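A.B. asks: Would you mind keeping the following structure in view while I ask a few things?
The values are calculated or read from the model by the stated rules, or taken from the named source; none is laboratory data. Since we're looking at a predicted model, the values are computed, not measured. Neighbour counts run over all protein chains shown; Cβ positions are idealised from the backbone, glycine included. All accessible areas refer to the heavy atoms of the entire protein, side chains included, with ligands and DNA or RNA removed. Shrake-Rupley method; radii C 1.70, N 1.55, O 1.52, S 1.80 Å.
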Amino acid sequence: MRNVLVTGGAGFIGSSLVRGLVATEGVERIAVLDDLSSGKRENLAEVANRVELIEGDVRDRELLDRTVAGADTIFHLAAIASVPKTIEQPDAGHEVNLEATFRLLRSAVDHRARRVVFAASAAAYGNAPGLPKREDMTPDPQSPYAVQKLAGEMYLRTFFDCFGLETVSLRFFNVYGPRQDPSSPYSGVLSIFSDCLLARRAPTIFGTGEQSRDFIFVDDIVQALLLAARSPNAPGRLYNCGTGRRVSLLEVWEIMQRVEGVELPPRFGPARSGDVEHSEADISRARSELGFAPAVTIEEGLRRTLAWVRASRP
Ligand code: NAD
Ligand code: UD2
């Protein structure tokens with residue numbers, strides 16, 4: 001893994017992955033392709049001297065092909081990473097999340113890339129019955145976003161089977177941590193709740209708050225991405241990346257109030273369309289095949305997230 005491309009590398013997860021690549025032996029070149037539509041140049045400020053940031057759109061076929069050509073390992077994270085946003089903007093969601101993924105795979109084959117690692121999503125499970133979720137369960141996508149991510153996974157598998165391209169899909173569950181933009185209504189719930197907590201502003205829970213998620217700290221996701229890029233077992237495979245434990249929104253808000261030492265009752269609004277009721281990962285396949293071992297508990301992860309939000313607030 002010498003010449004690496006991270007699409008979406010100026011984003012929340014991407015900027016943490018880039019930090020992990022900077023610290024990885026043997027990585028010589030790190031290129032980031034990002035249109036800064038939700039990512040930020042400042043997310044990479046600390047590692048700017050090690051990163052070649054190419055500001056551009058993955059829908060630009062010529063630019064995408066040129067950036068893929070220079071890489072042996074590609075982490076494809078660029079996406080409209082929001083369920084509601086792909087409902088509001090279905091065409092953009094399809095073009096960015098699926099069409100560009102297909103184009104990236106075509107370029108990777110043309111330029112003989114060594115491996116492509118894809119940021120897939122637990123959204124593929126939707127409300128399929130049964131917990132925890134296992135990779136062999138029948139998907140039940142509930143939103144355009146979930147369909148785009150599931151179809152992306154299927155393309156990666158087909159490009160492995162039919163064209164011999166080494167591909168790995170990681171079904172991230174709900175990722176949180178530093179640099180998840182708290183100011184965007186499309187951002188992850190824990191970044192929004194952290195901002196509310198520090199502003200002493202009641203958060204709004206969409207629905208009953210009994211809905212549950214498997215929240216995984218971003219450093220553990222970076223661990224999984226780096227393992228997927230190197231493991232000999234990984235090509236052609238799909239792995240759940242969560243902690244194996246779920247918490248409800250009501251429970252997580254209780255933890256956050258306790259960590260901060262405040263009482264701030266939430267407000268409640270209508271449930272969000274495209275929402276999934278419960279989510280929890282079975283990570284035994286990633287544990288046994290990749291050696292994946294998530295290490296950050298929800299309490300520790302929330303402490304680190306709150307510390308970052310506190311430090312980055314104006
Ligand atoms: P993010 O919005 O911070 O990252 C997405 C990045 O892609 C941003 O930097 C954005 O500017 C860039 N981007 C978007 N459209 C682009 C385009 N047309 N051309 C070039 N760059 C573009 O969100 P994130 O949470 O870091 O998500 C990273 C990846 O992980 C996404 O593919 C997302 O679907 C996936 N994922 C995230 C989670 C999570 O809980 N955060 C869970 C599952 C999967
Ligand atoms: C889905 C995927 C996740 C990731 C993400 C997009 C599942 C289980 N997870 O996340 O893997 O791909 O899409 O990056 O499909 N909520 C509130 N108040 C708020 C904000 C959110 O109650 O202010 C609720 C929201 O209605 C949902 C839960 O919190 O029930 C989580 O929402 P989210 O947007 O953080 O992530 P989610 O689960 O849609």
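A.B. asks: Give me log10 I(q)/I(0) at q = 0.08, 0.09 Å⁻¹ for the chain, Debye formula, one equal scatterer per alpha-carbon, no solvent.
C.D. replies: Once normalised to I(0) and log-transformed, intensities are -0.33, -0.42.
A.B. asks: Here is a further query. On average, how much accessible surface per residue is there in the chain, in Å², for a 1.4 Å probe, leaving out ligands, DNA and RNA?
C.D. replies: Roughly 42 Å² per residue, with all protein chains present.
A.B. asks: Would you mind telling me the share, in percent, of accessible area of segment 188-307 contributed by carbon and sulfur at probe 1.4 angstrom?
C.D. replies: So the carbon and sulfur contribution to the accessible surface is 51 percent.
A.B. asks: What Kirkwood hydrodynamic radius, in Å, does segment 16-137 give when the mean of 1/r is taken over all pairs of distinct Cα atoms and then inverted?
C.D. replies: Kirkwood hydrodynamic radius for segment 16-137: 16.0 Å.
A.B. asks: Return the calculated 222 nm mean residue ellipticity for the chain, to the nearest 500 deg cm²/dmol, obtained by summing -39500 (n - 2.57) across DSSP H runs with n ≥ 4 and dividing by the residue count.
C.D. replies: -11500 deg cm²/dmol, from helical runs alone.
A.B. asks: Each label point is 7 Å from the Cα along the Cα-to-Cβ direction; what then is the distance between the points at residue 37 and residue 102, in nm?
C.D. replies: Label-label distance for residue 37 and residue 102, simple model: 1.7 nm.
A.B. asks: What is the percent carbon and sulfur in the accessible area of segment 43-157, measuring with a 1.4 Å probe over the protein chains and ignoring ligands?
C.D. replies: 49 percent
A.B. asks: If packing is taken as the average count of other Cβ atoms within 10 Å, what order do 188-195, 256-263, 35-42 fall into, highest mean first?
C.D. replies: Taking the mean over residues of other Cβ atoms within 10 Å, the ranking is 188-195, 35-42, 256-263.
A.B. asks: Direction-averaged shadow area of the convex hull around the Cα atoms of segment 136-283, nm²?
C.D. replies: Averaged projected hull area, Cα only: 9.7 nm².
A.B. asks: Add +1 for every Lys or Arg and -1 for every Asp or Glu among the other residues with Cβ under 11 Å from the Cβ of residue 50, and state the total.
C.D. replies: Charge balance in the 11 Å sphere: -1.
A.B. asks: Listed highest first by mean packing, meaning other Cβ atoms within 10 Å per residue, what order do 123-129, 164-170, 49-55 come in?
C.D. replies: Ranked by mean Cβ neighbours within 10 Å, highest first: 164-170, 123-129, 49-55.
A.B. asks: Let me ask you something else. Cα-Cα pairs above 23 Å in segment 83-168: how many percent?
C.D. replies: Summing the P(r) of segment 83-168 above 23 Å gives 27 percent of all pairs.
A.B. asks: In addition: Would you mind counting up the charge near residue 92? Only other residues with Cβ under 10 Å from its Cβ, with Lys and Arg at +1 and Asp and Glu at -1.
C.D. replies: So the environment of residue 92 carries a net charge of -1.
A.B. asks: Provide the percentage of antiparallel DSSP beta bridges, counting only those with both residues in the chain; round to the nearest 5.
C.D. replies: 5 percent
A.B. asks: Over segment 1-94, what relative contact order in percent results from Cα pairs under 8 Å that are six or more residues apart?
C.D. replies: After rounding, I find 36 percent.
A.B. asks: Under a plain spin-label model, where a point goes 7 Å from the Cα along Cα-to-Cβ, how far apart in nm are residue 62 and residue 140?
C.D. replies: Placing both labels 7 Å beyond Cα along the Cβ direction yields 4.7 nm.
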